[in-house]
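Some notes on the structure that comes next.
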Amino acid sequence: MQVCLNVLDKDEQLFEVYTEIAVTNPARPDRGTVRVGDDGLICWHCTIGTSGCPEGGVDLDDVSGTLGRVLAAA
């Protein structure tokens, strides 16, 4: 996994820094990037593939299946 720390904003008066961690699988960049903010927000940025272009992104069935398994386990 490739992990990167991104500084989103700085508040010089209050000495606060707002950051996120971005995680990408270099072997599968088509799977997108997961970003975890310092406030706990998790965002998955990816492209949804189409049947005519399978290498163009994540399959929608994979996304819904993953979300269903995670929600059922919670």
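Of the set (1) in a strand (DSSP E or B); (2) surrounded by 12 or more Cβ atoms within 10 Å (Cβ to Cβ); (3) under 16 Å from the mean Cα position of the chain (by Cα), all apply to residue 66 but (1). Against the condition farther than 20 Å from residue 67 by Cβ and among the β-branched types (Val, Ile, Thr), how does residue 21 come out, does it pass? In short, yes.
Has the range 44-66 got any residue that is at pLDDT 90 or above and either under 30 Å from residue 10 (Cα atoms) or out of contact with any strand residue (DSSP E or B) (no Cβ under 6 Å at 6 or more places or on another chain) (or both)? So far as the range 44-66 goes, no, none of its residues is at pLDDT 90 or above and either under 30 Å from residue 10 (Cα atoms) or out of contact with any strand residue (DSSP E or B) (no Cβ under 6 Å at 6 or more places or on another chain) (or both). The residue that is farthest from residue 63 (Cα to Cα), counting only those in the range 9-45 that are in contact with a Leu (Cβ under 9 Å, 6 or more places away or on another chain) and outside any loop (DSSP other than H, G, I, E, B), is 17. Comparison of 34, 58 shows that the only residue that is aliphatic (A, V, I, L, M), in contact (Cβ under 8 Å) with a residue 24 or more places away in the chain and out of contact with any His (no Cβ under 6 Å at 6 or more places or on another chain) is 58.
In the range 1-17, the residues that are among the polar types (S, T, N, Q) form Cβ pairs under 6 Å with partners that are modelled with pLDDT of 90 or more and assigned to a strand (DSSP E or B), at six or more places apart or across chains, as follows: 2/24; 6/20; 6/22.
The values are calculated or read from the model by the stated rules, or taken from the named source; none is laboratory data. Note that the coordinates shown come from a computational prediction; the quantities given were computed from them, not determined experimentally. Every residue, glycine as well, gets a Cβ built from its backbone with ideal geometry; the counts of neighbours run over all protein chains shown.
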